[in-house]
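Let me begin by presenting the structure, written as structure tokens, before commenting on it.
Rule-based calculations on the coordinates, nothing more; no lab input. What you are looking at is a predicted structure, and each value in this text was computed from that prediction instead of being measured. Using ideal geometry, Cβ is built from the backbone for each residue, glycine included, and neighbour counts are taken over all protein chains shown.
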């Protein structure tokens, strides 16, 4: 969901991986990932949206703020020649706005999630391998931000500096970095206290070696699976900001704000495509990412459970 | 009465009171006609008047029942302090619980309320208010002149926090003549003073009130519950001096989100909603038992540039002209407001105002001409920032439409949308080019004084036009109708030609109400019939 | 174990203080201040200055913060800058709404979600499992206001049951009346948390299932259901309680969209309104309450984890 942090602390199981750390060997499994049919479905849909995101602005029939029927003074028109998915609340072409919106939605959430990951993982693993003082400070500051409602934080930032795309990326990125921090730290801590790391320390290996050779290979699986989910939450967070009037600003198209501004279609529109199309777009994207994530994590381990 | 045929709605106040009284007491047609003809009316007119009066009596409100009214934004800063009223939500509650000296009518004239009689000297510099006797406060005390003096003084002086102090800035002092008479002494003439005193902020409080956690007023309802940002509930005041307060309970709160508000209304969870999104009008009229409650008003949206910023460059005048010529007024009125409004002509007075000047030619969308003006400046294709917020329907759209039209001729605007909270404090009057939304005022003079006089705090453009101000003050004392008309036309023309703000549309107040609600008012100053509805609403099915 | 708990409490308190400072700084960097906003369009600079003095906003920042902190520690939350109403009144008017909705959602949504997730773990890879996973993933995909709209359309407008917004006051209502009063918000929020809880409980149980002692139980021939209910569940409690606690915190602090959509005032709306009016007294007080809620919930989660998994009582 959009404003929930999902975090772990001390516990072994990250979000959806079926992997137990007690089970991990010194080196992680190295088979290549072969997607199952479910995975392929996920990959196809995601790839489709990525292509739309990249090439959308060129392929779209209209600019995102153009009126297909300037003399009509209508809204929510039914799909017809010239507007294949109908028009929206301001009589603009839904199809074009979906295509422009793909780039914006995917771009913003991807950038924000990357930022969240980069910051969270670096700080989290850093906290895990550093001494208690650093760990304590970072964790407390992080907890402080975690305990505040995300929407409120978003609101404060937008109220202070306005709502532009870089601001949205930074805000969402830093807010979710807190969650990733917790996760990365928990994973890092578990690995740090495991036998093979003890052995490495005794051997005299330096921190950097431990990070690259022990921590990262073991941590990357749960972190990557979490990335997919984090992406979804970022998309939803930004659409909740749009609900409150703070997200992507008009006339720019973004799936979350499109769902918000076209809510009226369900009540009084001739056509509901204006709201169904962006909602479906969000849904298919998030489902397909999840399919990939599930497929990858199923590949990673937990074979016994599968055999039952 | 004079020797011309009276119509029911135009009877003087005391005359119509007598008439109503007679009808209610069962006076026969012959008796009423006899009385009227003795005063000089013809038989036919008297007959018609009697017919209308009887009809009105038949539509008398029923007592009982409960209604829930859903306004727009509410929050923890809802207040029961009339001087600090800022929103439609506050105004509605003000009318539920308080009374004022005068009450405004549908045609924006005034009626006596707590002031039985309103008299002025010849040049409208001394106003005398004879107060109604026998009026009780909710706590049983009696209403006297001290209460009026106390309430009015809160709006005076440099340290007043009242939102409406500019409307009474020409008053030097309020004087108590006796327990039931007060006098206002003005430093300059103001024929519209009684009208100003009928507006929202001039509600009468008990002498010495400082605690506004509840309201002790003279209004038709007493406070049963008041929780700012949650709800206000009123129950009828048994000793209300007038006709009103018919419901067993009147609840009022805000549903900020327009979709939720509409859902609640259509589902029957609330009996009336404020600010119906114009695009949903068809749906409401098509739903059984639901109706649109719209008032033709002079409220408007505009894009106001600060004339004193950006160098006192004469080429700036071309920028403002271009912005005016790029306004897609048709689309705002027909597309966004769905006809619930009228084309704006870059000045604030539209046909809803008495002093509207119809001679002014309507400015139209003309991108080519706009481009010509733009080329007289050296801006070229650099983006000009415009700040907007959703302060009213169309406020953001006016900028977006302008942006769209401008792009077609190579002019670029950068529309920065900000949140509505804090807009009035931090953005409006501060940014070089920003939008605004204005409510209608009772008279053109009040409207122009508030927004265009050089000395006004709300002169958003900082327009310095002494000639305009002189004319504005002068016309307040003019009684000859032709001269008055000409002067108001001049004033509107001056704004239209020289002020520079783009004012593309006027909007009506559009609310929605269930069929079983009767007693609606139609004062075009705000939602819910100018917030006057609480007095007269009743349930038809009670 | 007790020392651990005490340590947790200590950490929690530090977090709470840190939060108050962060909030204070955060509100002070916002443009506009409470006096300006309260007086609105109208105010002349003199009006605003006079009002600012009345609200105490003209004092140096550190004095504003410290005097607030001193009051707070003594239990005085102060008066709202936007309306002079005591903060405790504002909270008292709204906390019941928040509490009822979150408790009822938790009471209804949590057990159902957990049961569904555990059942999915019992039959991994089965049709039931796949369908449930798919459904719960789709639930995550919907923004809350979209789910809410769909529920309103289905129940209120198509089936004619329920209210589109929360009507009237919740005072004096019995349990079933409360559920009816808040029916749609509870339903919406249940869907929102269900997706996370289903996935989490499924993953936690499956994860435990791959441990060696479970393998032992399988080899011993213990029936699957018994394994899960008797052995696996106990070890899965830790992560499950953790996620439940987080969701409870969300139900108290993060549900602004649902509150706005269904038109009932709760604590989440209050804090957002506080930001909008730059009412830093309100924001501080409420922020502290949220933080305390979060800290307490996480403390409970930690205790449950310690209780169920002795290994965690001895951190390295």
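For the range A:240-300 versus the range B:72-110, the inter-centroid distance based on Cα atoms is 40 Å.
Peptides C:47-60, A:249-262 ranked from most to least packed by the mean count of surrounding Cβ atoms within 10 Å: A:249-262, C:47-60. Shielding of peptide A:243-249 by partners, expressed as the average count of other chain Cβ atoms within 10 Å per residue Cβ, is 5.
The long axis of helix B:481-494 is offset from the longest Cα principal axis of chain B by roughly 30 degrees.
What do you get for Rg/Rh of the range B:390-542 when both radii come from the Cα atoms and Rh is the Kirkwood radius?
1.05
Send over the Kirkwood Rh of chain A, from the inverse of the averaged 1/r over different Cα pairs, rounded to one decimal Å. About 21.1 Å, per the Kirkwood formula over Cα pairs. The range A:38-75 and the range A:107-154 have Cα centres separated by 34 Å. The fewest-to-most ranking of C:208, C:135 by surrounding Cβ atoms within 10 Å reads C:135, C:208. Oblate is the label for the range A:224-290. Its Cα gyration tensor axes, ordered a ≥ b ≥ c, give a/c of at least 1.5 and b/c at or above a/b. Across the range A:150-292, Cα-Cα pairs more than 18 Å apart make up 66 percent of the total.
Stokes-Einstein, applied to the Kirkwood radius of the range B:183-329 over Cα pairs at a viscosity of 1.567 mPa s and 4 °C, places its translational diffusion at 62 µm² s⁻¹. With coordinates expressed along the principal axes, the C-alpha atoms belonging to the range C:25-155 extend over 71, 36, 27 Å, beginning with the largest.
Ranked by the mean number of other Cβ atoms within 10 Å of their residues, highest first, the peptides A:201-210, B:500-509, A:73-82, A:105-114 come out as B:500-509, A:105-114, A:73-82, A:201-210.
Two numbers describe the Cα atoms of the protein assembly as shown: Rg and Dmax, which are 33.1, 121 Å. Here chain C has an Rg and Dmax of 23.6, 84 Å, counting Cα atoms alone. Normalised by the number of residues in the range B:296-507, the average gap of Cα pairs under 8 Å and 6 or more apart makes the relative contact order 39 percent.
Write down the Kirkwood hydrodynamic radius of chain B, to one decimal in angstroms, obtained as one divided by the mean of 1/r over all alpha carbon pairs.
Evaluated on chain B, it is 25.0 Å.
A full extension of the chain between residue B:359 and residue B:177 corresponds to an added length of 60.9 nm, given 0.36 nm per residue minus the alpha carbon distance. Kirkwood-type hydrodynamic radius, the range C:184-316: 17.3 Å, calculated from all non-identical alpha-carbon pairs.
Principal-axis analysis of the Cα atoms of chain C puts helix C:87-122 at an angle of about 20° to the longest axis.
So what is the calculated 222 nm ellipticity per residue for chain B, using -39500 (n - 2.57) for each DSSP H run with n of 4 or more, over all residues, to the nearest 500 deg cm²/dmol?
Calculated mean residue ellipticity at 222 nm is -8000 deg cm²/dmol.
Beyond 17 Å, what percent of the Cα pairs of the range B:359-423 remain? Of all Cα-Cα distances in the range B:359-423, 50 percent exceed 17 Å.
For the range B:420-509, the share of alpha carbon pairs falling in successive 5 Å distance bins from zero is 2, 12, 21, 25, 19, 12, 5, 2, 1, 0 percent. Cβ crowding within 10 Å, taken as a proxy for footprinting-reagent exposure, orders B:290, A:185 from fewest neighbours to most as B:290, A:185.
Here the range A:126-142 is scanned for amide nitrogen atoms under 14 Å from the site 7 Å beyond the Cα of residue C:25 along Cα-to-Cβ, giving A:138, A:140-142. Among B:119, A:153, A:174, A:168, sorting on how many other beta-carbon atoms sit within 10 Å of each Cβ, with the fewest leading, yields B:119, A:174, A:153, A:168. Per-residue shielding of B:334-342, expressed as the average number of other chain Cβ atoms within 10 Å of the residue Cβ, stands at 2.
When the Debye formula is applied to the Cα atoms of the range B:296-507, each taken as the same point scatterer, what base-10 log of I(q)/I(0) results at q = 0.10 Å⁻¹? Taken in order of the listed q values, log10 I(q)/I(0) reads -0.40.
Based on Cα contacts under 8 Å between residues 6+ apart, chain B shows a relative contact order of 19 percent. DSSP bridge analysis restricted to the protein assembly as shown gives an antiparallel fraction near 80%, rounded to the nearest 5.
Just to verify a number: FRET efficiency for residue A:130 and residue C:7, C-beta to C-beta distance, R0 = 22 Å, to 0.05?
Step by step, r from the Cβ atoms, then E = 0.70.
Using just its DSSP H runs of length 4 or more, each adding -39500 (n - 2.57), chain A gives a mean residue ellipticity at 222 nm of -21500 deg cm²/dmol after division by all residues.
Using a Förster distance of 51 Å, how high is the FRET efficiency between residue A:74 and residue C:226, based on the Cβ-Cβ distance and rounded to 0.05?
Working from the Cβ atoms, E equals 0.20.
Taking every C-alpha pair closer than 8 Å and separated by at least 6 residues, the mean separation divided by the residue count of the range A:123-252 gives a relative contact order of 36 percent.
Computed over the range C:211-268, the alpha-carbon pair-distance distribution with 5 angstrom bins reads 4, 16, 16, 11, 10, 8, 8, 8, 8, 6, 3, 0, each value a whole percent. Put the Cα centre of the range A:159-194 next to the Cα centre of the range B:471-524 and the gap is 54 Å.
Roughly how crowded by other chains is peptide A:267-273, in terms of the mean Cβ count from those chains within 10 Å of each of its Cβ atoms?
So the per-residue partner count for this stretch is 4.
Here r is the Cβ-Cβ distance between residue A:201 and residue A:137 and R0 is 22 Å; the resulting FRET efficiency, rounded to 0.05, is 0.40.
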